[in-house]
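Written below as structure tokens is the structure these notes are about.
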Amino acid sequence: MKIRQGFVTNSSSTSFIISMKDDLDKEGFIKGIGVEGPSPMSRIFEELYEAVEENKQDIMKYMKESRTAYGSVAEFLQEESYDEETIRIVEKLLAENRKVYYGKLHSDGYSAAEVYFCMESFLICEDDLYFNGKIGGW
């Protein structure tokens, strides 16, 4: 929980879904994003990884702990305004026994990377990494 003092502004969030072929770790994430070796951009994606790691939860656990009882992943994703293609991909990933995580990036996040990617729409759909941040709250 974040406690703010003084002036408080409205914040927004972007939902994301992420799944990696192997375990989700910083090295695999950075490589999956397409960053190879140290570069001026490396830190941005390291911060994005840290925000994802902080804000992600197994999608099935997220649904189970939700106030709404969902009958399926498809029902949950439809409620979250994801399109049919995304639903099909997520169901396929789960059928392949891949871990699928759901979370939100926040405009009042702790890093510039979280704030930036909260305001942007993005999609990486590769064999090793699926990262969908197409649903924003702006």
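Things worth noting here:
- For the criterion of being over 19 Å from Asp22 (Cα atoms) and either of a type in the set (A, V, I, L, M, F, W, C) or over 15 Å from the mean Cα position of the chain (by Cα) (or both), Ser121 fails.
- Residue in region 30-37 that is of a type in the set (Asp, Glu) and in contact (Cβ under 8 Å) with a residue 40 or more places away in the chain present: no
- One residue stands out among those in region 124-138 that are touching a helix residue (DSSP H, G or I) at 6+ places or on another chain (Cβ under 9 Å) and either without any contact (Cβ under 8 Å) to a residue 60 or more places away in the chain or part of a loop (DSSP other than H, G, I, E, B) (or both): the one that is farthest from Gln78 (Cα to Cα), which is Asp128.
- Candidate set: region 63-99, residues that are of a type in the set (Phe, Trp, Tyr) and within 18 Å of the chain's Cα centre (by Cα); chosen: the one modelled with the lowest pLDDT: Tyr82
- Flag: Phe117 matches the condition of being buried (at least 18 other Cβ atoms within 10 Å of the Cβ), in contact with a Phe, Trp or Tyr (Cβ under 9 Å, 6 or more places away or on another chain) and aromatic (Phe, Trp, Tyr).
- Out of Tyr102, Tyr82, sole residue that is crowded, with 17+ Cβ neighbours inside 10 Å and part of a loop (DSSP other than H, G, I, E, B): Tyr82
- Looking across region 100-112, just one residue is modelled with pLDDT under 95, aliphatic (A, V, I, L, M) and touching a strand residue (DSSP E or B) at 6+ places or on another chain (Cβ under 9 Å), and that is Leu105.
- Of all residue pairs spaced 6 or more apart or on separate chains, those with beta-carbon atoms under 7 Å, a first member in region 1-22 that is within 30 Å of Ile89 (Cα to Cα) and a second member that is at pLDDT below 95 and surrounded by fewer than 10 Cβ atoms within 10 Å (Cβ to Cβ) are Lys21/Asp127.
- Selection status of Arg88, closer than 21 Å to Lys21 by Cα and not in a loop (DSSP other than H, G, I, E, B): yes
- In the set Ala69, Ala51, only one residue is of a type in the set (Gly, Ala, Ser) and part of a helix (DSSP H, G or I); that residue is Ala51.
- Subset of region 54-66 (residues that are surrounded by 18 or more Cβ atoms within 10 Å (Cβ to Cβ) and in a strand (DSSP E or B)): Lys56
The values are calculated or read from the model by the stated rules, or taken from the named source; none is laboratory data. Quantities reported herein were computed from a predicted structural model and do not represent experimental measurements. With ideal geometry, Cβ positions are generated from the backbone for all residues, glycine too; neighbour counts draw on all protein chains shown.
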